[in-house]
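S.K.: Input: one structure, supplied below.
The values are calculated or read from the model by the stated rules, or taken from the named source; none is laboratory data. Just so you know, these numbers come straight off a predicted model, no measurement behind them. Note that each Cβ is placed from the backbone with ideal geometry, even for glycine, and that neighbours are counted across all protein chains shown.
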Amino acid sequence: MPSEHVFREGRVFLRKHCPECGETEALLSSNQARWQRKRELCRFDAEALVRCTLTCETCRRDHHPRMVFVDVTNRCNMNCPICIANIPGMGFEFHPPLSYFAALFTGLGELTPRPVVQLFGGEPTVREDLFEIIELARSSGLETRVVTNGLKLADEEYCKRLCEAKVPVLIAFDGADPEIYERLRKNRGAYQKKLQAIENLGKYSRCKNTVMCCVARNINDRHMRDLIDFCHGRRSFIKCMHLIPLTETWAPGEFETDVATTTEDVEQIVAAAFPDEKVEFLPAGPADRLKTACKFFGIAPLRFGGVHPNCETATYMLSDGERYRPISHYLKRSLDDLAAEMMDRAARIEPRLARLAPDRWLQRTRGRLVILHAFLPVLARSVDLRKALKGSRVLAILRILGGLLAGGRVKDVVRRHTTVQDGMLMVVLPFEEYHSIEAARLQDCPSAFAFLDPDSGRVRTLPVCVWGIYKGDIQRRIMAAHRSATAESALAAS
């Protein structure tokens, strides 16, 4: 439907003109200047033709989802008022059999490249056959993760079994205070169970796990620094934080919040947690321009690379061994300016790197030299070497160069010769709802929900942010198809 951005009092609204519902407005951003700067950094063409077919797997824009979410159930051992992905919120049960997942994962395994699969719900751990589902995904060559509220992981034996299966976990943890869970989840007791779950992960997990925090102004915003410090103390197994702005999904009367929370609000909340330092978030989209360079150093590119400039944003926290510091602590210029120059240089060397094979030693070494020659002068001008390097700056730089050219892992080389001992990626993940969806934010989304179409038997995917609109109908049809198949089998057997 026709829509437009409206700017009012420094905020950004989306105004839609629907022939059936009339005119509506939804708040997109609380900071117009920051919202616009992200577009400038990504060189976003606001006049370009926008069209999303909602069929990522056959999209003519030549992209496949790099990350897919798979709903395994809508059963849950909580009943959060801010959630509609459960039986009370949906009005029916979605709990398909293993045969459904076998066919779905077979189809996903045939995609190029194969996406990372995140098992979603409801609450995946309420399925007694969750480990069989994980094995089905792996048998199709799919890297698999579990998105969980963490309550089941408070059971030490269950958590140990999941960790022994080498499954990374994305665990919902909204802050280190039980009052947060009373306000957001109407479940104060969930806090202790989640805390125990995280301690169990610390005992047994050898994976890079993620803490997911639903961020709400006037609810848990003042606890942000405590949460970051909490993660620092567990940095050996928590490597990432996903910050999700609280978005209105609930029915009237089920939950009330006195103020909205947007992406820019979350960025400001994190910045306020470091009053004596500067925290800068960047749009995740331009990270895609570094993916070729990353291959030559064996670095996994940011999975959110390529997204719309007003979608995911990210920053990096660096540990000096005692606490996390914003990446800007080690810089002599703004991260925003540094990123812009790095993106320009990445575009400049892309044609040269494209002619080299990173899996061949000689060509890989040549590629690394090209990359170092392009980026080192920028970093030398931008990084505060006195804060970043150990001992003699000249010797440290020579050792770092030697280590990288010799094939050493970037993380190990940096840890050995700098004051940076660890890092944590922080990503703001704004989930659009029906009132704020824009086609421009959907058409290049690298993430999707995947399902097996009950009519065609083929794998289909939908952009993450529209799944909430269509999933009810889709999942009803999936369950009806399996009930019908079960009834036919029973009839044939009798």
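S.K.: With the condition kept exactly as written, say whether any residue in the stretch 28-43 is closer than 30 Å to R476 by Cα, touching an Asp or Glu at 6+ places or on another chain (Cβ under 9 Å) and not assigned by TED's automatic domain parsing to the domain that holds E143.
M.R.: In the first step, residues of the stretch 28-43 are kept if they are closer than 30 Å to R476 by Cα; the result is none.
Within the stretch 28-43, not a single residue is closer than 30 Å to R476 by Cα, touching an Asp or Glu at 6+ places or on another chain (Cβ under 9 Å) and not assigned by TED's automatic domain parsing to the domain that holds E143.
S.K.: In the stretch 149-183, what residues are of a type outside the set (K, R) and more than 22 Å from T73 (Cα to Cα)? First the steps, then the outcome.
M.R.: As a first pass, look at the stretch 149-183 and keep what is of a type outside the set (K, R): 149-151, 153-159, 162-165, 167-182.
Residues satisfying the conditions are E156, E157, E164, D174, G175, A176, D177, P178, E179, I180, Y181, E182.
S.K.: Can you tell me how many residues within the stretch 307-324 are surrounded by 22 or more Cβ atoms within 10 Å (Cβ to Cβ) and modelled with pLDDT under 90?
M.R.: 1
S.K.: In the set D359, D344, which member is loosely packed, with under 14 Cβ neighbours inside 10 Å, among the acidic types (D, E), out of contact with any strand residue (DSSP E or B) (no Cβ under 9 Å at 6 or more places or on another chain) and not in a helix (DSSP H, G or I)? Show your work before the answer.
M.R.: Numbers: D344 fails: not in a helix (DSSP H, G or I).
Within the list D359, D344, the selection yields D359.
S.K.: So if I check each of D265, D288, D276, D320, which one is acidic (D, E) and touching a Gly at 6+ places or on another chain (Cβ under 6 Å)?
M.R.: Details: D265 fails: touching a Gly at 6+ places or on another chain (Cβ under 6 Å); D276 fails: touching a Gly at 6+ places or on another chain (Cβ under 6 Å); D320 fails: touching a Gly at 6+ places or on another chain (Cβ under 6 Å).
Checking each option against the conditions leaves just D288.
S.K.: Moving on. Within the stretch 103-116, is even one residue under 21 Å from G472 (Cβ atoms) and either in contact (Cβ under 8 Å) with a residue 40 or more places away in the chain or not assigned by TED's automatic domain parsing to the domain that holds G306 (or both)? Walk me through how you get there before you give the answer.
M.R.: First, pick out the residues of the stretch 103-116 that are under 21 Å from G472 (Cβ atoms): 104.
When the remaining residues are screened for being either in contact (Cβ under 8 Å) with a residue 40 or more places away in the chain or not assigned by TED's automatic domain parsing to the domain that holds G306 (or both), the result is 104.
Yes, the conditions are met somewhere in the stretch 103-116.
S.K.: What residue, of E280, E256, E199, is under 25 Å from T148 (Cα atoms) and either surrounded by 17 or more Cβ atoms within 10 Å (Cβ to Cβ) or at pLDDT below 95 (or both)?
M.R.: So the residue among E280, E256, E199 that is under 25 Å from T148 (Cα atoms) and either surrounded by 17 or more Cβ atoms within 10 Å (Cβ to Cβ) or at pLDDT below 95 (or both) is E256.
S.K.: Would you please name the residue that is surrounded by the most Cβ atoms within 10 Å (Cβ to Cβ), looking only at residues in the stretch 378-403 that are not in a helix (DSSP H, G or I) and not polar (S, T, N, Q)?
M.R.: Residues of the stretch 378-403 that are not in a helix (DSSP H, G or I), as a first pass: 383-384, 389-392.
Right, trim to not polar (S, T, N, Q) and you get 383-384, 389-391.
Details: V383: 18, D384: 13, L389: 21, K390: 13, G391: 9.
By that ranking, first place goes to L389.
S.K.: Hey, does the stretch 97-105 have a residue that's surrounded by fewer than 16 Cβ atoms within 10 Å (Cβ to Cβ) and within 22 Å of L246 (Cβ to Cβ)?
M.R.: No, there is no match, as no residue in the stretch 97-105 is surrounded by fewer than 16 Cβ atoms within 10 Å (Cβ to Cβ) and within 22 Å of L246 (Cβ to Cβ).
S.K.: What is the one condition in (1) over 20 Å from L153 (Cα atoms); (2) over 18 Å from the mean Cα position of the chain (by Cα) that V215 does not satisfy?
M.R.: Single failed check for V215: (2).
S.K.: Moving to a separate point now. Which is part of a strand (DSSP E or B) and of a type in the set (S, T, Y), of T24, T53, T112, T106? It would help to see each step written out before you state the result.
M.R.: Details: T53 fails: part of a strand (DSSP E or B); T112 fails: part of a strand (DSSP E or B); T106 fails: part of a strand (DSSP E or B).
Only one candidate qualifies: T24.
S.K.: Considering only residues that are under 25 Å from the mean Cα position of the chain (by Cα) and of a type in the set (F, W, Y), look in the stretch 88-118 and name the one that is nearest to M78 (Cα to Cα).
M.R.: Filtering first and then ranking leaves F94.
S.K.: Still on this structure, I have one more. Quick one: in the stretch 329-342, which of the residues that are without any contact (Cβ under 8 Å) to a residue 60 or more places away in the chain and out of contact with any Asp or Glu (no Cβ under 7 Å at 6 or more places or on another chain) is nearest to L376 (Cα to Cα)?
M.R.: The initial filter retains those residues of the stretch 329-342 that are without any contact (Cβ under 8 Å) to a residue 60 or more places away in the chain, namely 329, 331-335, 337-338, 341-342.
Cutting the leftovers down to out of contact with any Asp or Glu (no Cβ under 7 Å at 6 or more places or on another chain) gives us 333, 337-338, 341-342.
Values: R333: 15, D337: 16, L338: 12, E341: 12, M342: 10 Å.
Here the answer is M342.
S.K.: Going by what's in this entry, would M342 be described as assigned by TED's automatic domain parsing to the domain that holds M224 and farther than 30 Å from I437 by Cα?
M.R.: On the way: assigned by TED's automatic domain parsing to the domain that holds M224: no; farther than 30 Å from I437 by Cα: yes.
No; evaluated as a whole, the condition is false for this residue.
S.K.: Also, I was wondering about something else. Give me the residue from the stretch 20-32 that is under 24 Å from the mean Cα position of the chain (by Cα) and farther than 15 Å from E312 by Cα and, out of that set, surrounded by the fewest Cβ atoms within 10 Å (Cβ to Cβ). Explain how you work it out, then say what you get.
M.R.: First pass over the stretch 20-32, keeping only residues under 24 Å from the mean Cα position of the chain (by Cα): 26-32.
Restricting the remaining residues to those that are farther than 15 Å from E312 by Cα gives 26-27, 30-32.
On the way: A26: 19, L27: 15, S30: 22, N31: 17, Q32: 18.
In this case the residue turns out to be L27.
S.K.: Can you pull out every residue in the stretch 35-45 that is over 21 Å from the mean Cα position of the chain (by Cα) and in contact (Cβ under 8 Å) with a residue 60 or more places away in the chain? Walk me through it before giving the result.
M.R.: First pass over the stretch 35-45, keeping only residues over 21 Å from the mean Cα position of the chain (by Cα): 36-37, 40, 43-45.
R37, F44, listed by residue number.
S.K.: Would you mind telling me which numbered condition in (1) buried (at least 20 other Cβ atoms within 10 Å of the Cβ); (2) farther than 22 Å from Q475 by Cβ L425 fails?
M.R.: (1)
S.K.: If you take the residues of the stretch 367-401 that are small (G, A, S) and within 30 Å of the chain's Cα centre (by Cα), which of them is farthest from A293 (Cα to Cα)? Walk me through it before giving the result.
M.R.: Here is the first cut: in the stretch 367-401, the ones small (G, A, S) are 367, 374, 380, 382, 388, 391-392, 396.
So of that shortlist, the ones also within 30 Å of the chain's Cα centre (by Cα) come out as 367, 374, 382, 388.
Working: G367: 8, A374: 11, S382: 19, A388: 23 Å.
Out of the qualifying residues, it is A388.
S.K.: Please count how many residues of the stretch 440-455 are over 20 Å from the mean Cα position of the chain (by Cα) and over 19 Å from H64 (Cβ atoms). Explain how you work it out, then say what you get.
M.R.: Just the residues of the stretch 440-455 that are over 20 Å from the mean Cα position of the chain (by Cα), to begin with: 452-455.
Filter once more, so that each one left must be over 19 Å from H64 (Cβ atoms): 454-455.
Counting residues in the stretch 440-455 that are over 20 Å from the mean Cα position of the chain (by Cα) and over 19 Å from H64 (Cβ atoms) gives 2.
S.K.: Further, regarding this structure: For the stretch 142-164, which residues satisfy the criterion of being under 11 Å from I198 (Cα atoms), among the aliphatic types (A, V, I, L, M) and surrounded by 23 or more Cβ atoms within 10 Å (Cβ to Cβ)?
M.R.: L153
S.K.: Then there is this: For Y191, are the conditions met, namely being assigned by TED's automatic domain parsing to the domain that holds V147, surrounded by 15 or more Cβ atoms within 10 Å (Cβ to Cβ) and either among the polar types (S, T, N, Q) or within 25 Å of N86 (Cα to Cα) (or both)?
M.R.: Yes: the conditions hold for Y191.
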